[in-house]
Amino acid sequence: MIEISTQVALAELLLSGCTTASDHHYLFPKGLENAIDIQMAQAAKLGVRVHLTRGSMSLGEDDGGLPPQTTVQTEDAILADSERLIQQYHQPQAGAMSRVALAPCSPFSVSEDLMKASAELAAKHDVRLHTHLAETHDETDFCIQMFGLRPVDYLEKVGWLTDRVWLAHGIHFNDAEIARLGAAGTGICHCPSSNMLLASGQCRTLELEAAGSPVGLGVDGSASNDGSNMIQEVRQAFLLQRLRYPASEVTHQKAINWATEGSARCLGRDDIGKLEVGKQADFGLYKLDELRFAGAGDPLAALVLCGAQQADQVMVAGQWRVTDGQINSLDLNDLIHRQKQLAQKLASL
Ligand SMILES: [Zn+2]
């Protein structure tokens, strides 16, 4: 199931023009200890550049956490497997096709010790750190109740307020917290569709950027956003952020920059995110001959304003991975069929 769901997610992203994907997988029940290995194999098969995060949950229901007890692992097992995955898959060099980051699920689901130990392990191997933070008011309440601290204070206490970290969502920060995150260079992955779907709130992107934080774009997972289309996410970010900031500051170029340069910075990379001599040959090409683009002017603005949905050609690391709107070496109809069968099977368990 992980193999097929990974193929589905990566295929949808690739077809939307996404060339580098990051996933936060944090479920390792008995029998699925090799989930990241399965994801790595699928990414290599499709030729998508990936930053796969070794998620973790150690604080089960029995200990006051949120996750069911069957989904949590011991901290020793989590740390040992994190180290194994770094050694096996993390490519530190420029042009890397696979990197590993460490990613305790959220403050709801791991202990303080595991947050600290993950930060130490990440520093030891020079890999990045990721988690969810400040997505909902519930989370802030939980942090205050459980740790006596607001989320950013907690982050600082466990050694995570650094430029090694990028956070998913980052919605409910006060002004002082934004200044601290910016000064630290902590990245924020803005997930507009998910935030709207779950009624979580609105990320303060421009203020975070002005403070010094890299801001990137994410589609979030299928439990929070039923589609994984990066070019549509650019339009969602553009529209949602215009509800908060002046139109002149949230331009189509700004939204595209979040998806490219901003996201690359969140992942700690300077070899991707920009079309420039010396950077990786990663890009998507879109046709403007669909009805939605009729009469459009500036072609780049048209992608965002008219709502492009699919790339026609996608190159990753100098290799064509999508040609004429099709993923090379993937039978999409068969994949959809298998995903449907497995989803039904899962629903009936
Ligand atoms: Zn999420």
Problem set entry | Range of Cα positions in region 221-316 per principal axis (Å), largest first | 35, 32, 32
Exercise. How are the Cα pair distances of region 172-266 distributed, in percent, across 5 Å bins from 0?
Worked result: 3, 15, 25, 26, 21, 9, 2
Problem set entry | Cβ crowding within 10 Å averaged over residues, with 146-155, 58-67 ranked highest first | 146-155, 58-67
Exercise. If you average the sequence gap of Cα pairs under 8 Å that are 6 or more apart and divide by the length of the chain, what percent do you get for the contact order?
Worked result: 16
Problem set entry | Filter on Lys254/Lys345; Lys279/Lys340; Lys124/Lys254; Lys287/Lys345; Lys30/Lys116; Lys116/Lys340 - keep pairs with C-alpha separation over 31 Å | Lys254/Lys345; Lys279/Lys340; Lys124/Lys254; Lys287/Lys345; Lys116/Lys340
For this session: Using Cα positions and a limit of under 18 Å, work out the aspartates and glutamates in reach of Lys157, with same-chain residues fewer than 8 apart set aside.
Result: Glu112, Asp113, Glu120, Glu139, Asp141, Glu177
Problem set entry | Other-chain or far-sequence residues with amide H under 5 Å of Thr131's (modelled H) | Trp166, Ala168
For this session: Tell me which residues come under 5 Å, amide H to amide H, from Arg321 once H is placed; ignore anything under 5 positions away on its chain.
Result: Val314, Met315, Val316
Exercise. Can you pull the Kirkwood radius for region 44-87, inverse mean 1/r over Cα pairs, to one decimal in Å?
Worked result: 12.2
Seminar exercise, completed: the chain: antiparallel bridges as % of DSSP beta bridges, rounded to 5, reads 25
Exercise. In nm, to one decimal, how far is the modelled label at Leu300 from the one at Gln91, with both set 7 Å along Cα→Cβ?
Worked result: 2.8
Exercise. Over what distance in Å are the Cα centres of region 97-137 and region 266-341 separated?
Worked result: 30
For this session: Mind checking the per residue accessible area of the chain for me, 1.4 Å probe, whole number of Å²?
Result: 44
Exercise. If the chain between Asp126 and Val277 were fully stretched, how many nm would it gain, using 0.36 nm times the residue separation less the Cα-Cα distance?
Worked result: 51.7 nm
Problem set entry | Part-to-part distance (alpha-carbon centres) for region 157-217 and region 1-39, which is given in Å | 24
Exercise. In vacuo Debye scattering of the chain, one point per C-alpha: log10 I(q)/I(0) at q = 0.11, 0.14 Å⁻¹?
Worked result: -0.72, -1.21
Exercise. Amide H to amide H, which residues 5 or more places from Ala281 or on other chains are under 5 Å from it, using H placed in the peptide plane?
Worked result: Ala317, Gly318
Exercise. If Lys and Arg each add +1 and Asp and Glu each add -1, what is the summed charge of the other residues whose beta carbon sits under 13 Å from the beta carbon of Ala80?
Worked result: -3
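The values are calculated or read from the model by the stated rules, or taken from the named source; none is laboratory data. The structure displayed is predicted, hence computed values, not measured ones. Cβ: placed from backbone, ideal geometry, glycine included. Neighbour counts: every protein chain shown. The accessibility values were calculated without ligands, DNA or RNA, using every heavy atom of the protein model including side chains. Shrake-Rupley method; radii C 1.70, N 1.55, O 1.52, S 1.80 Å.
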